[in-house]
């Protein structure tokens, strides 16, 4: 439910805070005081279109904040889908929107940045708005089928879900058939092209990963001359040059040390150490010679590698950069060729599937249509009953069904028909209903649809349009009944509706000679009676008018207890 509304610098509203209650919240005031402005501000906070003209003169920005409590599972699910952090044990959901003169539009949901699209999605869960826009939806026949489906609810969900999947599958099958039944010349060209591509790739005898291995072998050959020259020079330095190399030098040094060891004992130890160096050096020389053998340059093998890589590169320009991609292409091409070669058989199977699926779709549509007609009959009776109780005793409300091509919603076309007078044939709702009748029809819909609402907050704007006298009492009674399990917010000019209020707010316009502002205050019981008396047309302070107001107030309490 909507617990609190804070409005700052919106049109003529400087600063208003409204604490709302569960039940019937009534807003009254003189004509032009700004009652609709309050609802406009709430609508602004819920994502309606707005421009800088709604910012109060002299202010740089307007801000409206809404606080919602007692939230439901659908809201938690939607917030999670949007990425808005919201714990289920949080006390409230806070929505605020700021519009500045520079055009900056800020939206926050529980302190987190949001956009208009997100706000509008949430609005449909948070508040059910009954105003001129909703009247237009009811007058537009294209929305009628959705209204019926919303009334039916979960009973229709499984059938519509199954139909949606069937329609998707049928679309896919039709596309596959269209591809197979294309121009015969184009089909033959594609067939010939696939055969050529497969032959070309198969003749290449590609092996997975061979391109990587060949590139490594070529790199080795390309660097082999430089490596051989370097290794040869090192072997020569160590094992053989004009002086005999380092091994020969070590042998000569050991011989001299052996001669000197007769005179110096340490020379024998040094000779032994040189022997260890010689052994290690000889091992290094042997490994270097072995490495040189690995780098024997084979020009024929080098040319073979380059030729093979040229073939792979040429094929890669047609079928993919790597051997892996080309082999994948070959696999796909073979599968497509198999499909072409089995085209007639495949077409036969697809057409069988198409016929079977069309039969399934027909049966599902029939089941949906049957369910709609059954529930529509019940819905019609309930709406007529409510309209009769609202004083429209001769009303005819009917739902006409037609047949269309199957879609994801079925094969039904639906339109509401209406007549307010006995003996008059019902006609399309939009062509015959008046403003006052429309208000009552909308109220009847809200009552009948009450259990299917996703929100328990309903806002009624101009619900009492064209209503007076005894009908006004019935409208008040209906609103009071609806308010037992829902939060109702309503602007009214009718005293009998004001008398039914669980909380009464008075809106007035204040002119101090320099500025004009709209203010709001919550009325106490005695103030409520005075306001009810004013709405009833009684003179201010008249005891008779107050007594009548008290009588209406007591009557509304009785209605609430029934």
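The values are calculated or read from the model by the stated rules, or taken from the named source; none is laboratory data. Bear in mind the structure is a predicted one, so any value in this text is a computation, not a measurement. Neighbour counts are summed over all protein chains in view; Cβ atoms, including those assigned to glycine, are modelled from backbone coordinates with ideal geometry.
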List the pairs whose first member sits in region 265-285 and is free of Cβ contacts under 8 Å to residues at least 12 places away in the same chain, whose second member is surrounded by fewer than 13 Cβ atoms within 10 Å (Cβ to Cβ) and assigned to a helix (DSSP H, G or I), and whose Cβ atoms are under 8 Å apart, counting only residues at least 6 apart or on separate chains? 267/258; 268/258
Working only within region 29-69, note down all residues that are under 24 Å from the mean Cα position of the chain (by Cα) and more than 18 Å from residue 487 (Cβ to Cβ). 44, 47, 48, 49, 50
Please enumerate the residues belonging to region 1-17 that are within 26 Å of residue 124 (Cα to Cα) and assigned to a strand (DSSP E or B). 2, 3, 4, 5, 6, 7, 8, 9, 10, 13, 16, 17
Which of the following residues is at pLDDT 90 or above and either over 30 Å from residue 166 (Cα atoms) or part of a helix (DSSP H, G or I) (or both): 345, 339, 358, 272? 358
Of these, 402, 320, 342, which one is on the phi < 0 side of the Ramachandran plot and free of Cβ contacts under 8 Å to residues at least 12 places away in the same chain? 342
Do we find that residue 442 is within 30 Å of residue 76 (Cβ to Cβ), at pLDDT 85 or above and crowded, with 18+ Cβ neighbours inside 10 Å in this structure? no
Region 449-562: strands (runs of 3 or more DSSP E) wholly inside it with 3 or more residues that are modelled with pLDDT of 85 or more and over 41 Å from the mean Cα position of the chain (by Cα) are 503-511
Going by the structure shown, is residue 383 within 26 Å of residue 164 (Cβ to Cβ), touching a strand residue (DSSP E or B) at 6+ places or on another chain (Cβ under 6 Å) and touching a residue at least 24 places away in the same chain (Cβ under 8 Å)? no
Mind listing whichever residues of region 397-412 are assigned to a strand (DSSP E or B), under 28 Å from the mean Cα position of the chain (by Cα) and surrounded by 14 or more Cβ atoms within 10 Å (Cβ to Cβ)? 406, 410, 411, 412
Could you figure out which of (1) surrounded by fewer than 18 Cβ atoms within 10 Å (Cβ to Cβ); (2) at pLDDT below 90; (3) under 36 Å from the mean Cα position of the chain (by Cα) isn't true of residue 374? (2)
